[in-house]
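Notes to accompany the following structure.
The values are calculated or read from the model by the stated rules, or taken from the named source; none is laboratory data. This structure is a prediction, so every number in the text was calculated from the model and none was measured. Counting neighbours? That spans all protein chains shown, and the Cβs are built from the backbone with ideal geometry, glycine included. Each accessible area value is taken on the protein alone, full model and side chains, heavy atoms only, with ligands, DNA and RNA left out. Shrake-Rupley method; radii C 1.70, N 1.55, O 1.52, S 1.80 Å.
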Amino acid sequence: MTGISVEGAGSACAVPSAPSSRTGATEAGAPARTWQGPSAPDRLAILRRAKSIAIVGASANPSRASYFVATYLLSSSPYDVYFVNPRADTILGRPAYASLADLPVVPDLVDVFRKDADLPGVAQEAVDVGAKALWLQLGSWNEEAAAIAETAGLDVVMDRCVKIEHARFHGGLHLAGFNTGEITSRKQRLSGRG
């Protein structure tokens, strides 16, 4: 798997791909990355605005990155999570849908675990259903997909893991054995709790 590692588990969120074929890859002979992603506060705002997340390319295979992210989102986040995989009936006991258009809701955020060649099509599908954000997982970088989504007004994040970002912003990286880089004896206070 490709992607960065956060204390050895970042690759669990990465999408396997052939790096030399990725749009914007920085290997010799490939075009440099020109797209600028949102800042950390902007990514936090995207996650805070979202109420529902559709995982495109979700898998029932526990060794797949999408499964790892799905289990985290279902157990440690406030989101309504939907799975998109035309070859599955259920994933983690929940229905799997053939496409974003088949979902019973319009997802706020579309989290994509698909190969590079599929990303522009998924971006267009996210636009067509009225999603508000397109999120490409670690190892996924496709400036054509970003342009499709941004032109239609969607927020775009590429080459980042929703699970890692959510946990980072909500103090949860330590729960999965990650080092947050913060030393404190204070317990995080959740809003609405005394």
| remark: Going through the range 50-59 in order, the residues found to be open to solvent by 10 Å² or more (accessible area, probe 1.4 Å) and touching a Lys or Arg at 6+ places or on another chain (Cβ under 7 Å) are G57
| Conditions (1) at pLDDT below 95; (2) assigned to a helix (DSSP H, G or I); number of the one not met by P78 | (2)
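Out of P78, P62, which single residue is open to solvent by 30 Å² or more (accessible area, probe 1.4 Å) and closer than 25 Å to G130 by Cβ?
Numbers: P62 fails: closer than 25 Å to G130 by Cβ.
The conditions single out P78.
On the basis of being open to solvent by 40 Å² or more (accessible area, probe 1.4 Å), in contact with a strand residue (DSSP E or B) (Cβ under 6 Å, 6 or more places away or on another chain) and either within 18 Å of D108 (Cβ to Cβ) or at pLDDT below 55 (or both), does E150 make the cut? Before you say what the answer is, go through the steps one by one.
Details: open to solvent by 40 Å² or more (accessible area, probe 1.4 Å): yes; in contact with a strand residue (DSSP E or B) (Cβ under 6 Å, 6 or more places away or on another chain): yes; either within 18 Å of D108 (Cβ to Cβ) or at pLDDT below 55 (or both): yes.
Spelling it out, E150 is indeed open to solvent by 40 Å² or more (accessible area, probe 1.4 Å), in contact with a strand residue (DSSP E or B) (Cβ under 6 Å, 6 or more places away or on another chain) and either within 18 Å of D108 (Cβ to Cβ) or at pLDDT below 55 (or both).
Scan the range 102-113 for residues that are open to solvent by 10 Å² or more (accessible area, probe 1.4 Å) and touching a helix residue (DSSP H, G or I) at 6+ places or on another chain (Cβ under 6 Å) and jot them down. First the steps, then the outcome.
Taking the range 102-113 and keeping what is open to solvent by 10 Å² or more (accessible area, probe 1.4 Å), we get 102-106, 108, 113.
Those that are open to solvent by 10 Å² or more (accessible area, probe 1.4 Å) and touching a helix residue (DSSP H, G or I) at 6+ places or on another chain (Cβ under 6 Å): V106, F113.
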| task | Just one of (1) surrounded by fewer than 22 Cβ atoms within 10 Å (Cβ to Cβ); (2) out of contact with any helix residue (DSSP H, G or I) (no Cβ under 8 Å at 6 or more places or on another chain); (3) of a type outside the set (D, E); (4) more than 20 Å from W141 (Cα to Cα) trips up S99, so point out which. | result | (2)
| Inter-residue pairs, beta-carbon under 6 Å, first farther than 17 Å from G153 by Cβ and in the range 120-142, second polar (S, T, N, Q), 6+ apart | G139/T2; G139/S17; N142/T23
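Which of the strands (runs of 3 or more DSSP E) contained wholly in the range 92-171 include at least 1 residues that are under 17 Å from S59 (Cα atoms) and in contact with a Gly (Cβ under 7 Å, 6 or more places away or on another chain)?
Values: elements: 94-97, 109-112, 133-136, 155-157.
By residue number, 109-112.
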